[in-house]
1. Confirm whether Ile428 is under 17 Å from Ser127 (Cα atoms) and among the hydrophobic types (A, V, I, L, M, F, W, C).
2. Pick from region 253-294 the residues that are on the phi > 0 side of the Ramachandran plot and at pLDDT below 90: which of them is least open to solvent (accessible area, probe 1.4 Å)?
3. Considering only residues of region 374-387 that are under 23 Å from Arg53 (Cα atoms) and in contact (Cβ under 8 Å) with a residue 12 or more places away in the chain, which is most open to solvent (accessible area, probe 1.4 Å)?
4. For Ala409, all conditions in the list (1) open to solvent by 50 Å² or more (accessible area, probe 1.4 Å); (2) in contact with a Ser or Thr (Cβ under 8 Å, 6 or more places away or on another chain); (3) at pLDDT 90 or above hold save one; what is the number of the exception?
5. Which residue is nearest to the chain's Cα centre (by Cα), if the candidates are limited to region 225-252 and must be open to solvent by less than 60 Å² (accessible area, probe 1.4 Å) and at pLDDT below 85?
6. Please go through region 349-365 and pick out each residue that is open to solvent by 40 Å² or more (accessible area, probe 1.4 Å) and free of Cβ contacts under 8 Å to residues at least 40 places away in the same chain.
7. In region 412-430, is there at least one residue being more than 24 Å from Tyr49 (Cα to Cα) and of a type in the set (Gly, Ala, Ser)?
8. Kindly indicate the residue of region 45-73 that is within 22 Å of Ile400 (Cα to Cα), of a type in the set (D, E, K, R) and open to solvent by less than 90 Å² (accessible area, probe 1.4 Å) and also modelled with the highest pLDDT among those meeting that condition.
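The values are calculated or read from the model by the stated rules, or taken from the named source; none is laboratory data. What you see is a predicted model; the values in this text were computed from it and never measured. Every residue, glycine among them, receives a Cβ derived from its backbone with ideal geometry; neighbour counts consider all protein chains shown. All accessible areas refer to the heavy atoms of the entire protein, side chains included, with ligands and DNA or RNA removed. Shrake-Rupley method; radii C 1.70, N 1.55, O 1.52, S 1.80 Å.
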Amino acid sequence: MSALRRIPGEPEDEEDFEVEIEKPTGGYADMMPLSFGRQDLLQDADEIYETARRVPAKPKPPPDSDADSDDDDDSDDDDDEFPVTHEVVVKAHSKPVSSISLDPSGTRFATASHDYTLKLYDFPSMSRDHLHAFRAVEPSEAHHIHSATFSHADSGQSVLVVPAANQAKVFSRDGTETCEFAKGDMYLRDMHNTKGHVAEITAGVWHPTDRNLCATASADSTIRVWDVNSRRKHKEIFVHKSKTGKGGRSRFCSLVWAGPGEAGKSLLASVVLDGTLAIFGAEGPFTRPVMEVRDAHVAETWTGGIAFSSDGRLLVTRGMDQTIKLWDIRKIKTPVTVRTDFATPSQPESSLIFSPNNSNILTGDASGNLHILSAATLRSDETHAISPSPIVSLAWSQKINQILLGTAAGSVHVLFSPSASSKGAKTILTNAARKRHIDDDMSLITDAAAISGDAILAPNAVPRKRPQDLRRPDMPQVTPWGKSQPDAEHIRKTHALSSMRDEDPREALLKYAEKAEKDPMFTGVWNKNQPKTIYAEIEDEEEEEEAQKAKKRRF
């Protein structure tokens, strides 16, 4: 076996060994590639991110000024804490975006709207010139959607969809329906005897740790816990007995499910239309709430915003009584802090969320501003103008550190920071533009306006002129291609009755009227054996009586 030998004169130290290759210049050498394989155009990411900036950049200090270096570092840390400096706007729906949810990995997000549609987006498949959903479905025909939420226990493999109907549905992350829960019997008075909801569902959430469990709240004054593997009947039921509602019932406005905290118990919290804040134990008891606050909000006002902190200690609610209240689960009788001057949007799904570190609360107002509230005082630490329309839904992905906002105009704003965020909107901006198909060029395809108007026949599109004789049937419309048929003469010769299609049936029968009167074929025998008609003779007195009776009828 032969071994490789060093060439005489070759340096022994490989680090000092450098080979310089002269690049050919001039002529065809300038048009030839320097290497094989795919040649991607290099893009400056910083320049692309600057096109999406919504907050003006701070001027850089002079290089020789060291006095304010610490202050600059602190300001940079504050900017990175809330990723709101840049944004990507996606025109998702034509009506308010009622819900936004991201999967745990931060690669996909789902939006629900009042335009009856659920849309699924995938960040890696989007680009600056292709901000479209890869899947759009209508879960319940002609019913707007309250919420669509990714499950977090199974890495976002399922989406719980809550339409404004009495049946919730579960979709896969690809947009296919996998489960539809049963509906109840509306004629049963006791809600414990019904298998499902008998009124509109207003909210729905997943279990924080169990992938098979979810809960829905309804206007029938019940919260039902479902198992996706047993869709024919609910697993557990919580019934709220209202003291002010008609018949002891009141609508549940919102719903949130907190994971096991320090006490090791999972809690379901909701606000009822009669103003009650009810907190149930997910493991029981199922007959009554474990904590309840009467008159937590003004009765008969909708309270659609509710959220638990990540540790399960704090609970925040926001209603259309223009108040935001912070509650401590360990002392639930009175709120910790109350803010009474907050302009709440008119949409019932207007929500609010905690920041990942639970030190702030994010929500939107009726003017389209994003408020970053202090969890201690509920005062606005920062206010950012996002959209001219109200902000309805919010979501903050801790994985990619980006904030998604849904507005009443149907747009979705993805807020991010180039330094603190990862993937998500940054992937959209750096992805290459999609290659356009030849069919996308309108100059190369047939223009519908160039087609003659009489070449397309739509039923009842143009009202036909009715003939003067209403007894005459309408003749069929003649198309441009039916005016000259090459086989028309052949059909006329070979088929004897083919001309009857274009013949008026009334005229065809009346041409035999004179012949039938002179030489009747079927009634000629009546001329011989038909008896003579004899009429009764009417006297003059009877004629006068009949005339007087006729006058009385007139008057």
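1. Numbers: under 17 Å from Ser127 (Cα atoms): yes; among the hydrophobic types (A, V, I, L, M, F, W, C): yes.
When the stated conditions are applied, Ile428 passes them.
2. Within region 253-294, the subset on the phi > 0 side of the Ramachandran plot is 264, 275, 284.
If we keep only those that are at pLDDT below 90 as well, we get 264, 284.
Working: Gly264: 52, Gly284: 27 Å².
In this case the residue turns out to be Gly284.
3. Restricting attention to region 374-387, the residues satisfying the condition of being under 23 Å from Arg53 (Cα atoms) are 380-387.
Subset that is in contact (Cβ under 8 Å) with a residue 12 or more places away in the chain: 381-387.
Values: Asp381: 94, Glu382: 56, Thr383: 76, His384: 31, Ala385: 74, Ile386: 20, Ser387: 16 Å².
Ranking the qualifying residues of region 374-387, first place goes to Asp381.
4. (1)
5. Gly245
6. Taking region 349-365 first, the residues open to solvent by 40 Å² or more (accessible area, probe 1.4 Å) are 356-357, 359.
Matches in region 349-365: Asn357, Ser359.
7. Taking region 412-430 first, the residues more than 24 Å from Tyr49 (Cα to Cα) are none.
So far as region 412-430 goes, no, none of its residues is more than 24 Å from Tyr49 (Cα to Cα) and of a type in the set (Gly, Ala, Ser).
8. Result: Arg53.
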